[in-house]
Amino acid sequence: CERAGVRIIPWAYSYGDPQEPLLLASHTGAPAIVLDPEVEYERLSPEHQQQFADNCQVLRDQGIRVAAATWARPEAHPGYQFRALGMSIDCWLPMVAWPYWLPTAEVKFWLDHWDYYELGRTVPWLPTYGASEQAALSPAVLLASVELALQRYGGATIWAAHTLTDEQQAALASRSGRHVVDRERLLAELAELERELAMVADRVTRLRELI
């Protein structure tokens, strides 16, 4: 995988225990981790979800990058506090499981769908969930999906990269080093983040005046 330009990042399914982010980081000692809070997390109260998010921020304060895998259809998960968690992570990894959804084999459709919600920094999780599906995915389609993610977001992630076939790895290796970034999009995202930071700074100033 590394020869194909793929970097391995520790991942753990998350049930919502506030200690899970800290445990994954301490057990792996990695500079970056991927948490995957799903249905059990969504069932928790907003207050409990906030405790989980707070510990994600603790790791970021220590210089550890934190990403959260999540569903690419936020409207289907009203109990999931997307924006609260989004404030405490470095980026989202929406699971674009397009081989299972309609329209099939149309990753752009689902990336557009995710982007509609404007939840922040994104590195999509491509393209599917397991070895059998990976084997059925043509190298050309895999590469086109990764290229689109790189152009749009500047990065891409792949679930279970160790299951990639030799042909799929060769396709990824063929484009390693040809990183094409949508500069205008990233600049617009940076400007939006700067505006949000300015608003937070203004709020902090006003709160300090009240203390």
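The values are calculated or read from the model by the stated rules, or taken from the named source; none is laboratory data. Predicted, not measured: the structure shown is a model, and the values here were computed from it. Neighbour counts are summed over all protein chains in view; Cβ atoms, including those assigned to glycine, are modelled from backbone coordinates with ideal geometry.
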Segments classed as helices (runs of 4 or more DSSP H), wholly inside the range 1-120, with at least 2 members that are closer than 30 Å to residue 142 by Cβ and modelled with pLDDT of 90 or more: 20-28, 39-42, 82-86, 107-115
Residue 40 of a type outside the set (A, V, I, L, M), out of contact with any His (no Cβ under 7 Å at 6 or more places or on another chain) and surrounded by 20 or more Cβ atoms within 10 Å (Cβ to Cβ): no
Top-ranked residue in the range 121-161 [being hydroxyl-bearing (Ser, Thr, Tyr) and modelled with pLDDT under 75; ranked as surrounded by the most Cβ atoms within 10 Å (Cβ to Cβ)]: 128
